[in-house]
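The next block holds one structure in the form of C-alpha cells; read it before the comments.
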C-alpha cells in the first residue's frame, strides 16, 4: 500500500498500471501539509484505520489478467459539422485532447496515415509509461491523424516514440515529474527536407510552410497524454508544463554546416552521413541568447564575447540535469549557419566550441554551496571531496549538443537546458517502399516544397 | 452529452451516413498482466516492510506509521525503510524487490507523497 498526497493519486494509479496491474491501489491519502518540513503528524494517528484497511480489507476490482482494447466511439448528430464539434467536445471531456481542434481519427484517416510505414498496424512499439497502455503503429497513426498529420510524418513519429521508450531516458519519471520536461527531437538526413521539417526561421513553429515539426510533436504529446497517462494535474504534475503543445521537433541545417563540421547524427552518435535518423533528449527550458556584438568589435572580439555570453547562460545550478551528468546532455545549443560559419572562419571547430563552453561554464564551489546545489550533487551519490573546483556542468565537453539550425542570421543563439534524461538517444528512421509516391502526393496536396 | 454517443466494438463498418461519425478511442490497449495481491487476514504475526523514496518527510512519516501500527499489532514485525534501497530509483529496483522478498514480507508500505 502507498502513502500519498491528494494531488498525486493519479500519478500513483498510472505507475501501478505501468507495472501491468489494473490502475488502482490501496492508498492512504493526506493533504500536502503532512509532507512538508515541520508538519504535524497527528493526521496519521487519526487515519490509522485506513492503513489497516488498506493492508487487510482493500480489494481490487480486477481479478484476472486480460487485455482490454478500447472500443471505437460513435458520435451521432445532424451532420458532419455537428459531429466534428461534438467529437472535439467529447475528446476534451474524456481528457483525450489538448484544447486545440482535433481531426477525427476515423478508420479512413488512420489507414491513410499508416501508408507512411510498411510495418503492420498491430506492430507493438511499446508501452508508454507511467500508465503503460500499449502503443502500436495504429495507435501512433490515430494520434498523428488527430493532430492533423500526414503519412510521410509517420516514420519520424515512430522513430521518436522508439527513442522516447529507451530505458535510458526513464520517461516514466519525467512524464510524472513536477518539473517542466519535454522531449526535443532533432532530425538528420534527407527525410527532414522531404517532409518539410524546418531548419530555418521560426523552426520551433508555428509555420504553415513547414507544419511537420508541430504536427509530429503534437502527436507525440497526445500519445504521452492519452497512452502514457500524462494528463496535467492528474498524471503529469509538471507545475508549468513547458513547450508541450508541440514539443520541439526540428531538423539540422545540414546544408548550412561550415566546411568540416559534421551533423549531430555523425558527430554525436556516429551515424553514417546522409542516413535518416533522429536524436531525442529531454529539456526543460528554452532561452534566447543574443550572441552578436554591437558591430564595433573585431570579428575575433565578437566571437569570443558571444561564446563567453553563451557560457554564462550555461553556468546554472541545474538540479534537473544531474541525472544526465555522465551520459546525458547539459542541454542543446542551437546556432545558426551564419553564426557557425563566422566562428569556423576564425578557426573554431565544433569540438573547440564545446570545449570552450564547458571550461567557461564551470561553477565555483562557493556558488554550488550557496545555491544548495552541493546538497543535490551529494544526494546523487557523488562525494563532494572529489568535485573539481570550479565544477563542470557536465562530465565531459562532448556531452553538450551543438546543432546548426535556425534562420540564417547571425544575431541569436538558443539554449535548451537538459532535464532528467540519463542519456541521449538516437534512432534510425525507417521509410516505406512507397515513399516517393507519398512525397509526390504531398506536393499535390500542399503545393511544391517551399524554397529554402 | 451522454446520449450523443455510444461506444461500439467494430470501428471498421464505415458508413456514408454523415449523421454518424465513428472514430478510434486514442488511448491504446490496456494489458493487465498482474493481479493485485490478496489482503492479509490480520497484521498480527506478519512481516511488514517499508520502502521510502527518501523525500517529503518520509523519514518522519514512516516511523510514525510503524509506531502506531506496532502498538495495535504487537506481534507484527516491521522492517524499517532504512534496511532497503531508498529514493525513487532505489525502491523501483530489482535489488529492493529481492530484499523485500528475502525478508519474507507479507505486505509493504511505500511512501511518500510522490
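General observations
- Angle of helix B:58-72 to the longest C-alpha principal axis of chain B, folded into 0 to 90 degrees and rounded to 10: 70°.
- Mean partner shielding of peptide A:39-45, defined as the number of other chain Cβ atoms within 10 Å of each residue Cβ, is 4.
- Listing B:36, A:210 from fewest to most neighbouring C-beta atoms within 10 Å gives B:36, A:210.
- For region A:2-56, fraction of C-alpha pairs farther apart than 13 Å, in %: 62 percent
- Sites residue B:19 and residue A:441 - FRET efficiency at Förster radius 41 Å, r taken between beta-carbons, to 0.05: 0.85
- Semi-axis lengths (Å, descending) of the ellipsoid that matches the C-alpha gyration tensor of region A:221-343: 31, 21, 14
- Residues B:18, B:106 in ascending order of nearby Cβ atoms (within 10 Å, fewest first): B:18, B:106.
- Cα-based Rg of region A:329-452 normalised by 2.2 N^0.38 Å, two decimals: 1.50
- Each label point was placed 7 Å from the Cα along the Cα-to-Cβ direction; for residue A:355 and residue A:327 their separation is 2.6 nm.
- For the residues of B:33-42, the average number of beta carbons from a partner chain within 10 Å of their own beta carbon is 6.
- In region A:125-428, Rg over Rh equals 0.97, where Rg is the alpha-carbon radius of gyration and Rh the Kirkwood radius from pairwise Cα distances.
- Residue A:124 versus residue A:66: modelled label distance in nm, points set 7 Å from Cα along the beta carbon direction: 1.9 nm
- With R₀ fixed at 45 Å, the C-beta to C-beta distance from residue A:9 to residue B:71 puts the FRET efficiency at about 0.95.
- Kirkwood-based shape ratio for region A:117-201, expressed as Rg/Rh from alpha carbons: 0.98
- Per-residue mean of C-beta atoms belonging to partner chains within 10 Å, peptide A:62-72: 6
- Taking a quarter of the surface of the Cα convex hull of the protein assembly as shown gives a mean projected area of 29.3 nm².
- Dimensions of region B:25-105 from C-alpha coordinates, computed as largest minus smallest value along each principal axis and given longest first, are 50, 30, 25 Å.
- The residue B:82 and residue A:273 beta-carbon pair, evaluated with R₀ = 45 Å, returns a calculated FRET efficiency of approximately 0.25.
- Structure-based [θ]222 nm, chain A - -39500 (n - 2.57) summed over DSSP H runs of at least 4, per residue, nearest 500: -10000 deg cm²/dmol
- Fewest neighbouring Cβ atoms within 10 Å first, the residues A:118, A:98, A:383 line up as A:383, A:118, A:98.
- Taking max minus min of the alpha-carbon positions on each principal axis, region A:1-112 gives extents of 59, 35, 24 Å, largest first.
- The simple spin-label model puts a point 7 Å past each Cα toward its Cβ; for residue B:93 and residue A:296 those points are separated by 5.8 nm.
Readers should treat all values here as calculations from the given coordinates under stated rules, not as data from a laboratory. Every value quoted in this text rests on a predicted model; they were computed, and no experiment measured them. When we count neighbours, we look across all protein chains shown, and the Cβ atoms used for this are built from the backbone with ideal geometry, even at glycine.
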